[in-house]
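The values are calculated or read from the model by the stated rules, or taken from the named source; none is laboratory data. None of the values given here were measured: they were computed from a predicted structure. Cβ sites come from the backbone with ideal geometry, for glycine too, and all protein chains shown count toward neighbours.
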Amino acid sequence: MKLSTRGRYGLKAMYQLAIHYGEGPIPLKNIADAQNLSENYLEQLFSSLRKNGLLNSVRGAQGGYMLARSPRDITVGSILRTLEGNLAPADCVIDGEYDCENEENCVTKLVWMRIRDSIDEVVDSITLQDMLDEYEYMKRKNKI
């Protein structure tokens, strides 16, 4: 499975907002510049993240974006699913969305189910706070 730029860039931008959590709204330009991302593209991603309750936006001269919840309460999985959709490796293991006529005799469905479950377990166990903590650990260890 390979994530698109939507998932990769969206996660980077959300991490950038986590760094500034509690400081009020951060202008889109600052987020884009800090992560070397396109402002226009980021605006599209933030629209989806805002609609799904992961971001709040404030209009005006002092406006920008901020996390809707604490970094401890936002998982990588919630961000990726918002931007990428279901993370299942095959349509046949997306619950309720696909009927396969070979399901009874399919030898690969078990593989796809295990991959799906493993991906879900990993992305749902990592929060933005975990990413912040890891960066702090790396800074101390490597004296970044």
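For the stretch 99-144, which positions are among the hydroxyl-bearing types (Ser, Thr, Tyr) and over 25 Å from the mean Cα position of the chain (by Cα)? Passing the criteria: only THR108. Got at least one residue in the stretch 49-62 being surrounded by 15 or more Cβ atoms within 10 Å (Cβ to Cβ), among the β-branched types (Val, Ile, Thr) and either touching a strand residue (DSSP E or B) at 6+ places or on another chain (Cβ under 7 Å) or within 18 Å of GLY7 (Cβ to Cβ) (or both)? So far as the stretch 49-62 goes, no, none of its residues is surrounded by 15 or more Cβ atoms within 10 Å (Cβ to Cβ), among the β-branched types (Val, Ile, Thr) and either touching a strand residue (DSSP E or B) at 6+ places or on another chain (Cβ under 7 Å) or within 18 Å of GLY7 (Cβ to Cβ) (or both). Among the residues making up the stretch 8-48, none is part of a loop (DSSP other than H, G, I, E, B), of a type in the set (A, V, I, L, M, F, W, C) and surrounded by fewer than 20 Cβ atoms within 10 Å (Cβ to Cβ). The residue pairs whose first member lies in the stretch 71-85 and is under 16 Å from LEU3 (Cα atoms) and surrounded by fewer than 20 Cβ atoms within 10 Å (Cβ to Cβ), whose second member is among the hydrophobic types (A, V, I, L, M, F, W, C) and at pLDDT 95 or above, and whose beta carbons are closer than 6 Å, counting only pairs six or more residues apart or on different chains, are GLY77/VAL123.
Answer yes or no: is there a residue in the stretch 66-88 that is more than 29 Å from ASP117 (Cβ to Cβ) and modelled with pLDDT of 95 or more.
Keep residues of the stretch 66-88 that are more than 29 Å from ASP117 (Cβ to Cβ), which gives 66.
Applying the additional criterion that residues be modelled with pLDDT of 95 or more yields 66.
There is at least one residue in the stretch 66-88 that is more than 29 Å from ASP117 (Cβ to Cβ) and modelled with pLDDT of 95 or more.
Check TYR98, TYR21, TYR15 and return the single one that is touching a helix residue (DSSP H, G or I) at 6+ places or on another chain (Cβ under 6 Å) and more than 22 Å from GLN129 (Cα to Cα). Exactly one residue qualifies, and that residue is TYR98. Taken across the stretch 113-120, residues that are loosely packed, with under 14 Cβ neighbours inside 10 Å, outside any strand (DSSP E or B) and among the polar types (S, T, N, Q) do occur, with at least one present. Pairs are defined by a Cβ separation below 8 Å, a sequence spacing of at least 6 or placement on different chains, a first member in the stretch 1-29 that is within 15 Å of LEU49 (Cβ to Cβ) and modelled with pLDDT of 95 or more, and a second member that is surrounded by 15 or more Cβ atoms within 10 Å (Cβ to Cβ) and among the aromatic types (Phe, Trp, Tyr); the pairs so defined are THR5/TYR41; TYR9/TYR41; ALA13/PHE46; LEU17/TYR65; PRO25/TYR65; ILE26/TYR65; LEU28/PHE46; LEU28/TYR65. Annotation note: of CYS92, CYS100, the sole residue that is farther than 22 Å from THR5 by Cβ, part of a helix (DSSP H, G or I) and modelled with pLDDT under 90 is CYS92. Report yes if LEU110 is surrounded by 11 or more Cβ atoms within 10 Å (Cβ to Cβ) and either of a type in the set (Phe, Trp, Tyr) or modelled with pLDDT of 85 or more (or both), otherwise no. It is false that LEU110 is surrounded by 11 or more Cβ atoms within 10 Å (Cβ to Cβ) and either of a type in the set (Phe, Trp, Tyr) or modelled with pLDDT of 85 or more (or both).
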